[in-house]
Amino acid sequence: MQNAFQLSFVVPLYNEAQNMPELKTRMQSLLASLPMPAELVLVDDGSTDQTPQLMSNWALEDARIQAVFLSRNHGHQLAITAGLKMANGKFAVMILDGDLQDAPELIHAFVQKMQEGYEVVYGIRTNRKEPWYKRLAYYSFYRIMQQFGNIQLPPDSGDFALLSRKVVDYLNLLPEQNRYLRGMRAWIGFKQIGIPYERNERFAGSSKYTFKRLLDLAYSGLFNFSTFPIKFITRLGIASILVSLFYLVYVLIEKFVYGNVPTGFTALLMAIILFSGVQLISLGIIGEYVLRIHQQSQGRPLFIIDKVIKDQSLINGQELLP
Ligand code: UDP
Ligand code: MG
C-alpha cells in the first residue's frame, strides 16, 4: 500500500483540460526529482470539459496520483478544502493551482524552509502579470485587511503554500462554511514565512474566477476576519447624531438670536436620502454577519465527493462517509 507518502500536492481543477498535459509533464519530472515519496491529489471541481477524463486516465496508470471528483462545482476554496482532507502526506502538503501560475518546482525551496522549522511556507507574489484593475483591487484589499483585520494577513500571499501536517490537521478541524483559506492559515499561527516568487501567467485558458467570485472571496476575508465593519456602523451612528446635534444648536441660534426661520426643503430631502442610504448599508453589513451565522447553522458538509481514484482503483464517494 502506498500510504508512506511524505508529501502531497493538492491541485484544484475546474475546466483545465488545456493545462493537463503540461501539468502532467511538469509534475511527473518533479515527483521523480523529490527526495521523499510524494503523491498528487487532483480535485475535479465539477468540470464540464475533458478534465475528469484526463484525471481518471492519469490516476489509473500511476499510483502516486489520487483523483478526487466533487459532485458539482463547489468553488476553488472548497476544492482545496476537499484536497486537504484527502491528502496523505505525513510531512507536508503543497497547495498549487492547476493553471501553472505557481511553479510547482518551488517546492524545493519551500521544503527547505520547512526543514528549518517553519510550519507554513507561503508564496508572496512579487509581480503580478495581471490587468491593472485586478492588481489595484488586490493591492487595496490586502492593505484594508492589514489595517482592519483581526489576523496578520501577509500582503500579496495567495493560497500557494506548503503546510505542515500539523497545520493541515488543524485546518481540517475548522468547520467554517465560508472558507477564506489564506486567512484561516494565518489564524492558525505557528512559525510562518513567505517566499517571494514571480507569478506566471496562466499556461492556457482563462481565469475561472468571475468578478463576482473574487468579490465573494474578498467579502469572506473581510467579514470572517474583521469586526471592523460592524463596529464602523456604531461609529457612523454616533457621528451622525453629533452632526445633527450641532445642526440643531445652529438652527436654534439662528432662530432666537437672529430671528431667521431656516428654510431648506432640499437640505431636508438630501439628509433623508443620505441617511436612508447609510441605514441600508448598515443593514447590509449586519446582514453579512447574519448570513454567515445562517450558513453555519445549516451545518451542511463543506463539499460532496462523487468518487475517488486512489491506488489505481475506484472508490465510491459514499464509502468515504463517516
Ligand atoms: N478553480 C476551481 N474551482 C473554481 C474555480 C477555479 O477548482 O470554481 C481552480 C482552477 O482550475 C485553478 C485554480 O482553482 O486551478 C485557480 O483558479 P484561477 O486560475 O481561475 O484563478 P486566478 O489564478 O485567476 O485567481
Ligand atoms: Mg490562475
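Read-outs throughout are calculated quantities, based only on the coordinates presented, and are distinct from any laboratory measurement. In this text the structure is predicted, and so the values were computed from the model without any measurement. Here the Cβ is made from the backbone with ideal geometry for all residues, glycine too, and neighbour counts use every protein chain on show.
Numerical summary
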| item | result |
| --- | --- |
| FRET efficiency estimate (nearest 0.05) - Cβ-Cβ, I124 to I241, R0 56 angstrom | 0.80 |
| Residue-by-residue Karplus 3J(HN,Hα) for the stretch 151-162, coefficients 6.51, -1.76, 1.60, Hz, glycine and proline x | 10, 8, 7, x, x, 6, 9, x, 7, 5, 6, 10 |
| Ranking of W58, W132 by count of other Cβ atoms within 10 Å, fewest first | W132, W58 |
| Per-residue ³J(HN,Hα) for the stretch 173-189, Karplus 6.51 cos²θ - 1.76 cosθ + 1.60, θ = phi - 60°, Hz, x for Gly and Pro | 7, 6, x, 5, 6, 8, 8, 10, 4, 5, x, 4, 4, 5, 5, 4, x |
| For the chain, built as a Gaussian network whose Cα springs stay under 10 Å, the top-fluctuating residue of Q177, Q66, Q296 | Q296 |
| Among A109, A161, A79: highest mean-square fluctuation, GNM of the chain, C-alpha pairs under 10 Å | A109 |
| For K310, net neighbour charge (Lys/Arg +1, Asp/Glu -1) across residues whose Cβ lies under 15 Å away | -4 |
| Value at 222 nm in deg cm²/dmol, rounded to 500, when DSSP H runs of n ≥ 4 in the chain each add -39,500 (n - 2.57) | -16000 deg cm²/dmol |
| The stretch 163-230 shape via C-alpha gyration tensor axes, a/c threshold 1.5 | oblate |
| Beta bridges per DSSP with both ends in the chain, % antiparallel, nearest 5 | 40 |
| Exposure proxy ranking, count of Cβ atoms within 10 Å, fewest first, for D99, D159, D45, D62 | D62, D159, D99, D45 |
| Globularity index of the chain, i.e. its alpha-carbon radius of gyration over 2.2 N^0.38 Å | 1.26 |
| Residues E116, E39, E16, sorted so that the one with the fewest Cβ neighbours within 10 Å comes first | E116, E39, E16 |
| Phi-based couplings in Hz for the stretch 291-299 (Karplus 6.51, -1.76, 1.60; Gly and Pro marked x) | 4, 5, 5, 4, 4, 5, 6, 5, x |
| Global form of the stretch 186-322, assessed from the alpha-carbon gyration tensor, a/c cut-off 1.5 | prolate |
| Prolate/oblate/rounded call for the stretch 90-191, Cα gyration tensor, a/c under 1.5 rounded | oblate |
| Viscosity 0.890 mPa s, temperature 25 °C, Stokes-Einstein D of the stretch 12-93 from Kirkwood C-alpha radius, µm²/s | 189 |
| Cross-link pairs beyond the 22 Å C-alpha cut-off, checked among K134/K212; K134/K231; K113/K166 | K134/K231 |
| Length gained when the stretch D62-Y219 is fully extended (0.36 nm per residue, less Cα-Cα span) | 52.6 nm |
| Under-5 Å amide H pairs with M94, H placed in peptide plane, nonlocal only | S8, F9, V10, L163 |
| For the chain, built as a Gaussian network whose Cα springs stay under 10 Å, the top-fluctuating residue of I273, I285, I95 | I273 |
